[in-house]
Amino acid sequence: MIQHILKQIWIQRRRNSWIFGELLLVFVLCWYIVDYAFVLVHNRMIPNGYDITDTWQITYPKSTDEGDPADLDRFVDKVKRFPGVQHLFVTSWWDITPFSGSYNGSVIQLDSTSQSYHVQEKLVGSNSYFDVFNIRSVITGQPARLVLSDFNTIMLTQNLVESLFGEENPIGKTVYFQKRTYRITDIVENQKRVDHDQPGYVVFYPDRENNLSTPEISIRTGTNFSLQQFKHEVTQDIKSYRDVQRAQEFEWGITKEVRIRNAIMIFFLLNIALGVIGTFWFRNQTRRSEIGLRMAMGSNRRKTQNQYLVEALLILTLAAVPAILINIAILQAGIIETLGQGVDSSSYITAHKWLRFLITNGITYILLAVIVAISAWIPARQASKVHPVEALRDE
């Protein structure tokens, strides 16, 4: 049957050539859309390495330089004793939250002459920070703990440890950071800055000064916490860290970029689907007499429908071959740069371009095959219901 259909495709090559060309271009465009969507979905499935559910940011109403420092202690104690508050952390570092800061400033090395890695640094003045954001040690599975009394100690994320030491145990070994040597005391789970991105390299080390001139209080709450009661009895200056994260992503332009890309992706997918459906619909409607002739010669409806369905899928398959070759050329040229794709040294699928290439092209083929199958089957099914005599009379 397939050999017969291939002969039919060749005989009707003039009619099929423009469909072939359309599917080729559609395949390339659809691959780019699928690749972008695959990266975003993949990265969102990666654990953040922290948990900001039921966490809140409280802004202290005044600077400690303006009043009695004991006022801060009384305020913190009031927050701590409020029903439902499980953990509390106080800091003046605005970028200490897991989703703040950048990876472009500080670098870390095994020594002053070895390869360097850009890292996001977190100055921590209290281990309650790890309780509030539920940042856990890879070794113990419990909330991480810094040796706060030793300012020469440091904790690294697991992906950074793998880049620096490979499979070696790093505990007790030293790294070169901020022009000093630090001893590694623990390894924490990988940390993501934003949901659609891959984890970056993060280091945690003790805060020497623990300056609280403009304090910010972070809390984790339980089920018995009442936000309205807290605002009434303690302070109105409280907001969830989920809202803080959304606000920061909006300020950085991340929200706008993702929305624009998603809108473009949906727009093109709808146009691709409508274009392919319209093409095959028109094609099969113009072949009503051919379908009627096949029915008159004894072909049943199911066989006729299957033949046109297989024919459409074969045209797609033939178009997919040069389309994939074009995609390879695009990939090799480095034209594709997807948001959140990560670095080449990452162990994630999205960082391995050929594995990702095979997966996304496979998804593209399946997606287009479904669209093409529906586009060919529905008009072929309707045409096969027409009486052969009526179809031939129309011709």
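Of note:
- In this simple spin-label model, placing a label point 7 Å from the Cα along the Cα-to-Cβ direction at both residue 18 and residue 274 gives a separation of 2.0 nm.
- Where Cα atoms sit under 19 Å apart: lysine pairs in the stretch 55-240 separated by 8 or more or lying on different chains: 11
- Relative contact order of the stretch 55-240, defined on C-alpha pairs under 8 angstrom at six or more residues apart (%): 37
- Diffusion coefficient, µm² s⁻¹, Stokes-Einstein with Kirkwood Rh over alpha-carbon pairs of the stretch 55-240 at 25 °C and 0.890 mPa s: 139
- Environment charge of residue 161, counting only residues whose C-beta is closer than 13 Å and scoring Lys/Arg +1, Asp/Glu -1: -4
- Note on residue 252 and residue 240: their simple-model spin labels are 2.0 nm apart, each label 7 Å out from Cα toward Cβ.
- Only one residue of 169, 194, 232 has its Cα farthest out toward the positive end of the dipole of the stretch 55-240, where Lys and Arg carry +1 and Asp and Glu -1 on Cβ, and that residue is 232.
- With a cut-off of 11 Å on the backbone N, the residues of the stretch 182-218 near the modelled label site 7 Å out from residue 351 along Cα-Cβ are 198-201.
- Charge dipole (debye, nearest 20) of the stretch 55-240; +1 at Cβ of Lys and Arg, -1 at Cβ of Asp and Glu: 240
- Each peptide in 126-133, 78-85 was scored by the mean count of other Cβ atoms within 10 Å over its residues; highest first, the order is 126-133, 78-85.
Values quoted throughout were computed directly from the atomic coordinates according to the rules given, and no laboratory measurement underlies them. Keep in mind that this is a model prediction, so the values were computed, not measured. Backbone-built Cβ (ideal geometry, glycine too); neighbour counts: all protein chains shown.
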